[in-house]
There are 2 protein chains.
Amino acid sequence: MNTADLGLPVTVPSTALFTDRYELTMLQGALRSGTAHRRSVFEVFTRRLPEGRRYGVVAGTGRVLDAVENFRFDGAILDFLAAGKVVDDATLAFLADYRFSGDIWGYPEGEVYFPGSPVLRVEGTFAEAVLLETVILSILNHDSAVAAAASRMSVAAGERPLIEMGARRTHELAAVAAARAAFVGGFSSTSDLAAGFRYSIPTVGTSAHAFTLLHDSERDAFTAQVASLGSNTTLLVDTYDVAEAVRMAVEIAGPDLGAVRIDSGDLLLLAHRVRRQLDELGAKDTKIVVTSDLDEYAIASLAAAPVDAYGVGTQLVTGSGHPTCSMVYKLVARSDEAGPDAPLRPVAKKSMGGKASLGGRKWAARRVDAHGVAEAEVVGTGAVPEGLADRQLLVELVRGGTVVGREPLAAARERHRTALAGLPMSATQLSRGEPVLPTEYAS
Amino acid sequence: MNTADLGLPVTVPSTALFTDRYELTMLQGALRSGTAHRRSVFEVFTRRLPEGRRYGVVAGTGRVLDAVENFRFDGAILDFLAAGKVVDDATLAFLADYRFSGDIWGYPEGEVYFPGSPVLRVEGTFAEAVLLETVILSILNHDSAVAAAASRMSVAAGERPLIEMGARRTHELAAVAAARAAFVGGFSSTSDLAAGFRYSIPTVGTSAHAFTLLHDSERDAFTAQVASLGSNTTLLVDTYDVAEAVRMAVEIAGPDLGAVRIDSGDLLLLAHRVRRQLDELGAKDTKIVVTSDLDEYAIASLAAAPVDAYGVGTQLVTGSGHPTCSMVYKLVARSDEAGPDAPLRPVAKKSMGGKASLGGRKWAARRVDAHGVAEAEVVGTGAVPEGLADRQLLVELVRGGTVVGREPLAAARERHRTALAGLPMSATQLSRGEPVLPTEYAS
């Protein structure tokens, strides 16, 4: 594929170096020992949710598909590996021809997950599958962490829209992925133009204090903004005195003023005051946007306040206290010899220090009660019980190296909404608790 | 410049969309009101350090220079902005010709900072400076957060080398920046090949449990690894039984075995046991590398253990509890009219909700006591007092749009070491405390 299709403003000529060095040296060792082409199954899962969280949110799957498709060792990369003597010539020759030709199944993007859920399963030769560990984990661990925070904030915000504004608080490209994950988790828009460009997420913006300070007076600034952007703009009203700014905003823009933004102070108190003032001035349709270090708890505390939209930055892009998930990529089964039909043998690290894994290639299904509400995440390695066959969670994403599971981002967003609605009601409590579904193992 | 010089594996054709939408709409408003070309000074600073931290570490400055140099609105980007009606035609025309032509001064990379330190100062027209807000903050907030964690871990590790292994726990490109920031903060190497490629940071690697599980036995796996990579490799010894694995490792590789890695269990206990066993087996020079959710406290707790190197992942790339800094980009002074010689007027948001700023274009200097130990961070807007003139912290980075402050990454790493050594001894206590230097304001 044309790598430019992956999207400006950042073309990624290859994702192949988003890789830990040991993946290449393991490949070299396996090529040498003759085990490199053993059929292998790797699974991505987490042993636990972040403390107190009720559910996780799978996000980044679409980006994983881009990354796998684009995992190529081109000339410059091979030169780098050769110059640094990272691997030997035989391994370089293998890498030069590398294309992932295996299969990937996984929880579809936006789905919820629990401890032990096999959120992604990569199957192919050891050689082709082992190389994908780091880039897959980077994407899923980052994006799922942001989506989980976004989901909780969306629950707290109810029907009110959430605006992603966190670009300045995270790496400039992590920000683009964060805006994408936030959209999956329920956000409506982003301030990040790169996210609009790359993923067609609606972009929005208001104004900064600098714009007011640039002008000789707040009046001049408001006049300039309305003259340029129309009365449907959002005026920032907390540079000097909020009440005076609101009065002047309506005077200048008229009662059709789009919105005012409050970015500091006691947001609960100010929202009530400003709403009353706007109504008295006849600006009954002018909306109130609040920003300023919001998290899901702050959003929930404003539920009874006359707030029309929330702008969220830091706490969203840093996962609201949990900036990464603890997903791992583990070999769970492999054959004794090469070949696509060689029988698989379950493998697992021996239990020590809480890092034990369950061997074997897994299926997963969500069992529901008589009312259709989810009651357990069932994970197994044998045959799928009859009653769960049509409740399986993994879907086909890559078949024989070809991506078959691409979908519009809106589909993931909608899926998350549906998945959340299928969980017990306590899933959406913000307070700390256990995973809302137990994970049951059926072998 | 050739954007490819910014480095594979990711070429960034432009950094211009790492921008919040409001920066462009503010530009449009200012172009319309005639204020866009007022001379303006923006400063980057933080109002507080993360709770309990004694100092901050400036990192990302070199990346900021890349980003500014590469901040261009090309055809595809202009088309996107036009299609989405983000700004009007006059603004698009301005953007098409955009090149930052102003001056940037800042704390050099690796330097420490405190609340109120003006870590970066951008001076130019409002139009050219306002657009850089988001990309500058993204870089500095992310990279400085990682560098601060790295610095604390380096203090805890003493002379023992630290290996950055966090790529899988953060966004794939944030990982590359994190490896860079970790190097500035004192780490020695990284597992991330992209960071080696882009920044020439030494890359290292060991082996994963998957490699052992791929083979028919641990013996086969060790034999394969030693055959392929030589006896100077690092064998992972905790897949099954550590003592048995160590015995076999030395049997297979001989007493010249490079190192063993322990990735689970009670690291303190295991390090002692494994060291004793290695010594008894005659492998006195075989090193012990430990990994497994280390942070600065875990590293410190292993100070008395026979550990030779630490591999750190999650806690490093997530800033050890503080994944972002709270740096802001504020207009602190501007002229009443256009022109490079127009006199500057200090400006600042009125105090409310703890978001007050100090207006005026600032200098900063670190005052030392009679023993040459730093005793205060002095920040001022007037003339620099005589005794502080040669202790000023800001250096010239960009002059008239041309980068003049580029330096090798090793220089930033060395500077951090020197800066830390100049602070009071309590700076390097890991326990929570106040900033180790008070910030004094001299006007």
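The values are calculated or read from the model by the stated rules, or taken from the named source; none is laboratory data. None of the values given here were measured: they were computed from a predicted structure. Positions of Cβ are generated from backbone atoms using ideal geometry, with glycine treated the same way; all protein chains shown enter the neighbour counts. Each accessible area value is taken on the protein alone, full model and side chains, heavy atoms only, with ligands, DNA and RNA left out. Shrake-Rupley method; radii C 1.70, N 1.55, O 1.52, S 1.80 Å.
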Q: Can you confirm whether the stretch A:344-359 contains a residue that is under 22 Å from the mean Cα position of the chain (by Cα) and closer than 22 Å to A:Ser144 by Cβ?
A: no
Q: Select from the stretch B:87-137 the residues that are among the aliphatic types (A, V, I, L, M) and open to solvent by 20 Å² or more (accessible area, probe 1.4 Å) and write down the one among them that is farthest from A:Ala194 (Cα to Cα).
A: B:Ala90
Q: Would you mention how many residues in the stretch A:54-70 are within 11 Å of another protein chain (Cβ to nearest Cβ) and either of a type in the set (Lys, Arg) or in a loop (DSSP other than H, G, I, E, B) (or both)?
A: 3
Q | Of all residues making up the stretch A:116-158, the number that are touching a strand residue (DSSP E or B) at 6+ places or on another chain (Cβ under 6 Å) and assigned to a strand (DSSP E or B) | A | 4
**Q.** Residue list for the stretch B:184-215, filter: at the interface with another protein chain (Cβ under 7 Å from one of its Cβ atoms) and charged (D, E, K, R)
**A.** B:Asp192
Q | Members of the stretch B:102-115 found to be part of a loop (DSSP other than H, G, I, E, B) and in contact with a helix residue (DSSP H, G or I) (Cβ under 9 Å, 6 or more places away or on another chain), listed by number | A | B:Gly102, B:Tyr107, B:Pro108, B:Glu109, B:Gly110, B:Glu111
Q: Only strands (runs of 3 or more DSSP E) wholly contained in the stretch B:341-443 count here; list those with 2 or more residues that are open to solvent by 40 Å² or more (accessible area, probe 1.4 Å) and aromatic (Phe, Trp, Tyr).
A: none
**Q.** Options A:Val395, A:Val328, A:Val404, A:Val436: the member that is within 22 Å of the chain's Cα centre (by Cα) and within 20 Å of A:Val130 (Cβ to Cβ)
**A.** A:Val328
Q: Within the stretch B:1-39, track down each residue that is modelled with pLDDT of 95 or more, in contact with a strand residue (DSSP E or B) (Cβ under 9 Å, 6 or more places away or on another chain) and more than 7 Å from chain A (Cβ to nearest Cβ).
A: B:Gly34, B:Ala36, B:His37, B:Arg39
Q) Of the residues in the stretch A:313-359, how many are more than 8 Å from every other protein chain (Cβ to nearest Cβ), modelled with pLDDT of 95 or more and touching a Pro at 6+ places or on another chain (Cβ under 7 Å)? A) 4
Q) Within the stretch A:56-71, is there a residue that is closer than 18 Å to A:Lys330 by Cβ, open to solvent by 30 Å² or more (accessible area, probe 1.4 Å) and either in the same structural domain as A:Leu17 (by TED's automatic domain parsing) or of a type in the set (S, T, N, Q) (or both)? A) no
Q. Which residue out of B:Arg169, B:Arg152 is farther than 15 Å from B:Ser191 by Cβ and open to solvent by 10 Å² or more (accessible area, probe 1.4 Å)?
A. B:Arg152
(Q) Take the residues in the stretch B:247-285 that are within 14 Å of B:Gln225 (Cβ to Cβ) and of a type in the set (Val, Ile, Thr); name whichever of them is nearest to the other protein chains (Cβ to nearest Cβ). (A) B:Ile252
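Would you point out the residue of the stretch B:34-53, among those that are over 18 Å from the mean Cα position of the chain (by Cα) and in a strand (DSSP E or B), that is farthest from B:Gly433 (Cα to Cα)?
B:Arg38
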Q) What pairs come up if the first residue lies in the stretch B:172-199 and is surrounded by fewer than 24 Cβ atoms within 10 Å (Cβ to Cβ), the second is β-branched (Val, Ile, Thr) and part of a helix (DSSP H, G or I), and their beta carbons are under 6 Å apart, counting only those six or more places apart or on different chains? A) B:Arg198/B:Val176
Q) Taking only pairs six or more apart or across chains, which ones have beta-carbon atoms under 6 Å, a first residue in the stretch A:261-288 that is farther than 13 Å from A:Asp308 by Cβ, and a second residue that is part of a strand (DSSP E or B) and not small (Gly, Ala, Ser)? A) A:Leu270/A:Ile262
Q: Spot the failing condition for B:Glu111; the list is (1) over 24 Å from the mean Cα position of the chain (by Cα); (2) at pLDDT 95 or above; (3) among the acidic types (Asp, Glu), and only one is missed.
A: (1)
